[in-house]
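> Quick one: this structure, given as structure tokens, is what I'll be asking you about.
The values are calculated or read from the model by the stated rules, or taken from the named source; none is laboratory data. These numbers come from a predicted model, not from an experiment. Every residue, glycine among them, receives a Cβ derived from its backbone with ideal geometry; neighbour counts consider all protein chains shown.
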Amino acid sequence: MEQRLAIEEWWRPEPVAPAAAAHAAESRRGQLAFRALLVFTVILVVAPQSFVPALAGLRPALVAAATASLAYVLGRASGRLPIVARAPERLLAGALFAWALVTIPISFWPSGALQTILNEYIQSLVLFWLIAGTVTSLPRLRALAWTLAISAVPLALTALKHYAEGVFVQGRVEGYSSGLAGNPNDLALMLVVILPLTLALVGVAKRLVTKGVLAAMALLQIAAIVATFSRGGFIALVIVLGGFLLRLIRQRTFAPAVVAVMVLAAGATLLPTGYGARVGTITDYQSDPTGSAQARWSDSLVAIQFIERHPLVGAGVGLDVLALNDVRGATWTHVHDAYLTVGVDLGLLGMGLYVLLLLSSLRTARRAELDADREGLGDVGRLAGGVRIALVAFVFAAFFYPIPYHPYFYLLAGMALAARGILWESAAWEPHDQPSW
């Protein structure tokens, strides 16, 4: 066991304190930080200030994030615990952020790059840090998943309402009011990120009624993703559903798998007119009558050209629009590919760090899932499996989205670290009943 611990120490999270300190993490400050995190998450997803304009002036997201951060820092300081524990994902995220800061003075538009960091990037990193630091137990991980599943309901209902009423923008359903779901593509991505967590909760729930409610919420999310006609959303949806079917089969739970296949087969007969043609443009981009697929393919080639000319330092964080304008003329559109976005903004070094961060988070989620399943910690394994499937879906969906600095990925990365940390903490709390790592 000592040899195994020595080998894995380089990536292991900060060692858990003794039982007294671990219980202190459930103190008033720890609870306040976690509850403020949940509020912060709801505000990011649901954007209540869009419906109650008076809230906008109060900056609810900033207040919630600041409250959670302050409570967390004070709680860690009072217990003489590090503010940022060791983990490869934290190091990679910090390195990527540091490189983004370094490139600001030599970017195409320094003040614009700084605005991207302050308005988008910092928010995502704070969410990542808070989730990884405050979600320290299975009840908290389950509560966060429930919060996201419930938050997805108004998004999904809005998409279906717009579709039923014919509320379209440029031929597609209008998005939600939230900045994370303000257009149909972002709406689909937000739902795809949450869907695997909702499905995981179905397996975690003990009561049949609760399972039924969660299953209905999942079906609502699936229907809304389809209603957006998002190509990236379709790819991610297929990966999510396929991933859960494979997990059910591997666990030899064939009855739920058969039911799921039957429901999906029935749902396939209800696909809206033109949906097949829309997703067909993923492989045959020339067949898109709107010209959207052709434009995105052209912009991808332009982005690659720019990276070839600027392999070390790009245009600056969030400035891919200016870079593409410089190469192919002013159209003021993003390259719809998260990897190319980072490459254009931060060069090959930034792109490499971003890819390593994705892969490291995926690896952490997978290890948590496997270890929990092997040791009989079923609920942790199911939730970690949901995070892992969501991360796989994001890795592929990212080829269609210009969102490397947005919270979608960092939400999942934080949950992956949290799941792994819960396993380590369980091992430290119950050394005789829990597995050795």
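> Can you go through S230, S292, S298 and tell me which one is within 26 Å of the chain's Cα centre (by Cα), of a type in the set (S, T, N, Q), closer than 15 Å to F399 by Cα and not assigned by TED's automatic domain parsing to the domain that holds V193?
S292
Residues checked against (1) of a type in the set (K, R); (2) touching a strand residue (DSSP E or B) at 6+ places or on another chain (Cβ under 6 Å); (3) within 27 Å of Y72 (Cβ to Cβ):
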site: A132; (1), (2), (3): no, no, yes
site: S137; (1), (2), (3): no, no, yes
site: L157; (1), (2), (3): no, no, no
site: Y163; (1), (2), (3): no, yes, no
site: R172; (1), (2), (3): yes, no, no
site: L195; (1), (2), (3): no, no, no
site: L214; (1), (2), (3): no, no, no
site: M217; (1), (2), (3): no, no, no
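> For the stretch 73-98, give me each residue that is closer than 15 Å to T136 by Cβ, of a type outside the set (G, A, S) and within 22 Å of the chain's Cα centre (by Cα).
Across the stretch 73-98, the qualifying residue is only V84.
> Those residues that are assigned to a helix (DSSP H, G or I) and under 18 Å from N119 (Cβ atoms), I need them from the stretch 56-84; list them, please.
Hits for the stretch 56-84 are A56, P60, A61, L62, V63, A64, A65, A66, S69.
> Exactly one condition in (1) within 25 Å of the chain's Cα centre (by Cα); (2) outside any helix (DSSP H, G or I) is false for R252; which is it?
(1)
> Consider F400 carefully, then state whether it is surrounded by fewer than 24 Cβ atoms within 10 Å (Cβ to Cβ), over 23 Å from W146 (Cβ atoms) and out of contact with any Lys or Arg (no Cβ under 7 Å at 6 or more places or on another chain).
no
> So which residues in the stretch 285-306 are under 15 Å from T331 (Cβ atoms) and either touching a Lys or Arg at 6+ places or on another chain (Cβ under 8 Å) or of a type in the set (G, A, S) (or both)?
Passing the criteria: G291, S292, A295, S298, D299, S300, V302, A303.
> Kindly indicate whether R278 is free of Cβ contacts under 8 Å to residues at least 24 places away in the same chain and either out of contact with any helix residue (DSSP H, G or I) (no Cβ under 6 Å at 6 or more places or on another chain) or among the aromatic types (F, W, Y) (or both).
Judged against the criteria, R278 is not a match.
> Cβ-Cβ below 7 Å, separation at least six or inter-chain, first residue in the stretch 89-105 and over 20 Å from G133 (Cβ atoms) and hydroxyl-bearing (S, T, Y), second at pLDDT below 95 and in a helix (DSSP H, G or I): which pairs?
none
> Could you pull out every one of the helices (runs of 4 or more DSSP H) wholly within the stretch 328-437 that has 3 or more residues that are without any contact (Cβ under 8 Å) to a residue 40 or more places away in the chain and within 29 Å of A188 (Cβ to Cβ)?
Those helices (runs of 4 or more DSSP H) span 338-374, 378-397.
> Also: Of R388, R309, R328, R366, which residue is modelled with pLDDT of 95 or more, of a type in the set (D, E, K, R) and either surrounded by fewer than 24 Cβ atoms within 10 Å (Cβ to Cβ) or in the same structural domain as F234 (by TED's automatic domain parsing) (or both)?
None of the others qualify; the one that does is R366.
> Determine whether L101 is over 30 Å from Y176 (Cα atoms), within 24 Å of the chain's Cα centre (by Cα), in a helix (DSSP H, G or I) and of a type outside the set (S, T, Y).
yes
> Given the structure, is L248 modelled with pLDDT under 95, within 20 Å of M262 (Cβ to Cβ) and aliphatic (A, V, I, L, M)?
Answer is yes for this residue.
> If we scan the stretch 232-241, do we find a residue that is part of a helix (DSSP H, G or I) and modelled with pLDDT under 90?
So far as the stretch 232-241 goes, no, none of its residues is part of a helix (DSSP H, G or I) and modelled with pLDDT under 90.
> Take the conditions within 26 Å of G233 (Cα to Cα) and β-branched (V, I, T) and apply them to V387. Does it pass?
Yes, satisfied.
> Follow-up question, since we're still on this one. What tally of residues in the stretch 203-240 results from selecting those that are crowded, with 21+ Cβ neighbours inside 10 Å and farther than 26 Å from H162 by Cβ?
Residues flagged as crowded, with 21+ Cβ neighbours inside 10 Å and farther than 26 Å from H162 by Cβ within the stretch 203-240 amount to 2.
> Are any residues in the stretch 348-362 within 15 Å of the chain's Cα centre (by Cα) and surrounded by fewer than 18 Cβ atoms within 10 Å (Cβ to Cβ), and if so, which ones?
Residues satisfying the conditions are V355, L359.
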